[in-house]
Protein chains: 2
Amino acid sequence: MKQPIDTSGCIGIVGLGLIGGSLGLELQSIGLQVRGLVHRPVTAERAKARGLAQKISTNSSILNDCDLVILAIPLDKLINPSSDLIGALPKSAVVTDVGSVKGPVLNTWRELHPKFVASHPMAGTAESGVESGKIGLFNKRPWITTPESNTDLAALEKVHQLAIALGSHWITTNSEKHDQAVALISHLPMLVSTALLQTLDSENDHQIIELSKIIASSGFEDTTRIGGGNPELGTSMAMHNTSALLETLSSYRRSLNHLEEVIVSKQWNKFKEELQHTKAMRSSFIRSVPKVNVLD
Amino acid sequence: MKQPIDTSGCIGIVGLGLIGGSLGLELQSIGLQVRGLVHRPVTAERAKARGLAQKISTNSSILNDCDLVILAIPLDKLINPSSDLIGALPKSAVVTDVGSVKGPVLNTWRELHPKFVASHPMAGTAESGVESGKIGLFNKRPWITTPESNTDLAALEKVHQLAIALGSHWITTNSEKHDQAVALISHLPMLVSTALLQTLDSENDHQIIELSKIIASSGFEDTTRIGGGNPELGTSMAMHNTSALLETLSSYRRSLNHLEEVIVSKQWNKFKEELQHTKAMRSSFIRSVPKVNVLD
């Protein structure tokens, strides 16, 4: 459901990795002028070769004529932006981000720019870097925004148009609930999966390790996929969503203790009933993306 | 690498679910005579309609002429076999099983039949039942055996031929190491994944639950897949491999506590290094099935 974005100038993208690069390809494909700002000259060369924007530079003046700027940089840089970047953002432009936690982003940006809109397109894959951007990344995926009482409504509408233009489902919530939900659905699974790999790593019997390698099947592969994912991203999640993550970890530990009690007390009927319940509840979490959803 | 099996009589399969049904289809496809014994008349009808064996019955006398019988029944029934089944197994036949834990199986069967060979084809999928058997399930998958000092060597060789004939990789180990490895690689991941689903289930904020459903992506889907799997199988794993599972759970909890400490103390460089290490070690557990492997 792609629609035009109401923009007379160009759209700036800061960072041309998976999200930024995909945005550049998509926005050009619907006829818009895109300007890309990247940090390193070698990245600029690769981004130019891939055609991720019509103009790409390491000089922040490339953003001068933009009326919408998307900050698609890693969370660390987003939360600690350079003064050069801050100075290069036109005051009249709408500025949005793609960060995977929203509280710390708003703490930084609500004072830095009058037209800042916090947003989070849920469109990651395991890939990253200037080679990973692709068409179709946002189609039918949720694009969450966490506006505050002082968020500029016209700016919010512009980012809404952007999300709809790329085929995303626009979701409105607040940053606290967003950050708790991503802790539950994304950051805790990363931790749980990492701990599973570390458990294997702490096994001392070489023969058991070798046998485990032989018998590891799709169940193991699936359960450990995000624990074996991007270390920078995993660290960034834990660093910037620490309190929500630790809260979900406490809840997770209670679940684990409970299951252990059921096993130790050999309540097998109860154990089976719980597995039946988790199987049923899981299905409501898989592929249930609504078209439009306003949560508060 | 399919090779003929040295068998003059027919091959009996007890139970025609995913593993038994797949074995029936495969063995017929290489020209062998297969007899299927099932518990319920309705299952027999469906198995006949699907052609899972040339002859299928609920009467155990169907095994009379078999010189190889494969027990493809659920672990509970395998460990507590009916007297009818025990009586129906020809004394001269080689008998093997497909159970996913080997210690309890050997405790039951080493005294029940002189030519019993404990084995475990690692070829499960999420499906089960008489409709799920399919060609190709065992191809290039490990088929583990856990012989003991008094295992009949000719019987062992016959099951070896069976595994090779179906394209499996034949692996020899002992039941203790097998059961510890499956706890680490299969039963612990099931528990870890179930606990993750229960953590979501224990969230009380309705908006966070709804938002979590919206943003749940492939990472969540992967990590919870086996926790949302077959409840009977999960219970059977926990019931029959309890001590190995609880041991790995203790080790897992130490890994989780360790990661929590690193987060609480904000040692982000250390956290990233650990994620880099688990990412690297995971790759050695994925798709590393050797052609032939003897572990002890």
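The values are calculated or read from the model by the stated rules, or taken from the named source; none is laboratory data. This is a predicted model, so every value here is computed, not measured. So basically every Cβ, Gly included, is an ideal-geometry build from the backbone, and we count neighbours across all protein chains shown.
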* Structure fact -> Subset of the range B:155-196, residues without any contact (Cβ under 8 Å) to a residue 40 or more places away in the chain and farther than 19 Å from residue A:275 by Cα, comes to B:156, B:157, B:160, B:181
* Asked: How many residues are over 16 Å from residue A:233 (Cβ atoms) and without any contact (Cβ under 8 Å) to a residue 24 or more places away in the chain if we restrict to the range A:110-135?
  -> 1
* To do: Select from the range A:247-283 the residues that are hydroxyl-bearing (Ser, Thr, Tyr) and within 31 Å of the chain's Cα centre (by Cα) and list them in ascending order.
  => A:248, A:250, A:251, A:252, A:255, A:278, A:283
* Could you please find all residues in the range A:1-43 being hydrophobic (A, V, I, L, M, F, W, C) and more than 23 Å from the chain's Cα centre (by Cα)? => A:10, A:30, A:32, A:42
* **Failed condition for residue A:252, given (1) of a type outside the set (Val, Ile, Thr); (2) within 27 Å of residue B:181 (Cα to Cα); (3) facing chain B (nearest Cβ under 7 Å); (4) surrounded by fewer than 23 Cβ atoms within 10 Å (Cβ to Cβ)** => (4)
* **Selection within the range A:192-211 - polar (S, T, N, Q) and surrounded by 23 or more Cβ atoms within 10 Å (Cβ to Cβ)** => A:193, A:194
* **Sole residue being within 18 Å of the chain's Cα centre (by Cα), within 8 Å of chain B (Cβ to nearest Cβ) and surrounded by 24 or more Cβ atoms within 10 Å (Cβ to Cβ), chosen from A:142, A:189** => A:189
* Regarding residue B:92, is this residue out of contact with any helix residue (DSSP H, G or I) (no Cβ under 9 Å at 6 or more places or on another chain) and either within 24 Å of residue B:160 (Cβ to Cβ) or surrounded by fewer than 22 Cβ atoms within 10 Å (Cβ to Cβ) (or both)? -> yes
* For residues that are basic (Lys, Arg) and not in a strand (DSSP E or B), scanning just the range B:34-51, find the one that is nearest to residue B:87 (Cα to Cα). => B:40
* Structure fact -> Given the conditions (1) among the hydrophobic types (A, V, I, L, M, F, W, C); (2) within 20 Å of residue B:221 (Cα to Cα); (3) more than 12 Å from the chain's Cα centre (by Cα), every one holds for residue A:183 apart from (3)
* Go through (1) within 7 Å of chain B (Cβ to nearest Cβ); (2) surrounded by fewer than 19 Cβ atoms within 10 Å (Cβ to Cβ) and name the single condition residue A:214 misses. => (2)
* Structure fact -> residue B:239 vs (1) at the interface with chain A (Cβ under 7 Å from one of its Cβ atoms); (2) surrounded by fewer than 19 Cβ atoms within 10 Å (Cβ to Cβ): all pass except (2)
* To do: Test residue A:148 against the criterion of being closer than 24 Å to residue A:76 by Cα, more than 10 Å from every other protein chain (Cβ to nearest Cβ) and assigned to a loop (DSSP other than H, G, I, E, B), and give yes or no.
  => yes
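Restricting to the range B:28-42, give me the number of residues that are touching a residue at least 40 places away in the same chain (Cβ under 8 Å) and either outside the structural domain of residue B:65 (by TED's automatic domain parsing) or under 20 Å from residue B:141 (Cβ atoms) (or both). Spell out the reasoning first.
Keep residues of the range B:28-42 that are touching a residue at least 40 places away in the same chain (Cβ under 8 Å), which gives B:29-30, B:37-38.
Narrowing the set further to residues that are either outside the structural domain of residue B:65 (by TED's automatic domain parsing) or under 20 Å from residue B:141 (Cβ atoms) (or both) leaves B:29-30.
Residues that pass the stated criteria total 2.
Within the range B:16-33, can you find the residues that are part of a helix (DSSP H, G or I), within 22 Å of residue B:122 (Cβ to Cβ) and not small (Gly, Ala, Ser)?
Residues of the range B:16-33 part of a helix (DSSP H, G or I): B:18-29.
Then drop every residue that is not within 22 Å of residue B:122 (Cβ to Cβ), which leaves B:18-27, B:29.
Of everything in the range B:16-33, those that are part of a helix (DSSP H, G or I), within 22 Å of residue B:122 (Cβ to Cβ) and not small (Gly, Ala, Ser) turn out to be B:18, B:19, B:23, B:25, B:26, B:27.
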* Matching residues in the range B:2-16 - criterion: being at pLDDT below 95 and either surrounded by 24 or more Cβ atoms within 10 Å (Cβ to Cβ) or touching a helix residue (DSSP H, G or I) at 6+ places or on another chain (Cβ under 7 Å) (or both) -> B:2, B:3, B:4, B:5, B:6
* **Single match in B:115, B:102, B:77, B:55 (criterion: among the charged types (D, E, K, R), more than 15 Å from residue B:155 (Cβ to Cβ) and buried (at least 21 other Cβ atoms within 10 Å of the Cβ))** => B:102
* Asked: Looking at this structure, is residue A:226 modelled with pLDDT under 95, under 30 Å from residue A:147 (Cα atoms), buried (at least 21 other Cβ atoms within 10 Å of the Cβ) and not aromatic (Phe, Trp, Tyr)?
  -> yes
